[in-house]
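Single-structure report; data block below.
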Amino acid sequence: MDKRVKLTSAAVVISLLLTVTLAHGFDEKQFQKFRKSNNCEKCDLSGAKLSGLDLSYAELTSANLSGADLSNATLYSANLSGANLGNANLSGANLYDANLTKAELKGAILGNANLAGATWTDGRKCKQGSTGTCK
């Protein structure tokens, strides 16, 4: 194998490793602990794939969930106060009675998310029929 092929192969391997690391983002140990305990205060789950999971009553105060996929997840009565949900996908998620006080939602996708009974970022309660936006 000549030098150019070796260098190209090495560059491809390094590129793939960086892509996997950057796409993963979150701390795997914290993720495993969260899945066992449903508690992840101040932890890093950025970019985590949590789509469709039942996260009812989860304790996620001040957690970093930026860029996470929470589409169609059940977050019934979850505590997301102070959480970073920037650019997270919450489409179709059930956030009924969830606490979003002081949560960061910039760039979050909330289409078709059930927000009825949720405490919004400013502390007000979302009314029945709040879908995708707090009414």
**Asked** For labels at Lys49 and Lys102 in the simple 7 Å Cα→Cβ model, what's the distance in nm?
**Response** 3.4
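State, as an integer percentage, the relative contact order of segment 27-135 based on alpha-carbon contacts under 8 Å between residues 6 or more apart.
Taking the mean separation of contacting Cα pairs over the length of segment 27-135, I get 18 percent.
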**Message:** Can you order the peptides 30-40, 69-79 by their average number of other Cβ atoms within 10 Å per residue, highest first?
**Reply:** 69-79, 30-40
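Read the figures in this text as sums done on the coordinates, not as results from a lab. Just so we're clear, the structure is a prediction, and the values are computed from it rather than from any experiment. All Cβ positions, glycine included, derive from the backbone under ideal geometry; neighbour counts span all protein chains shown.
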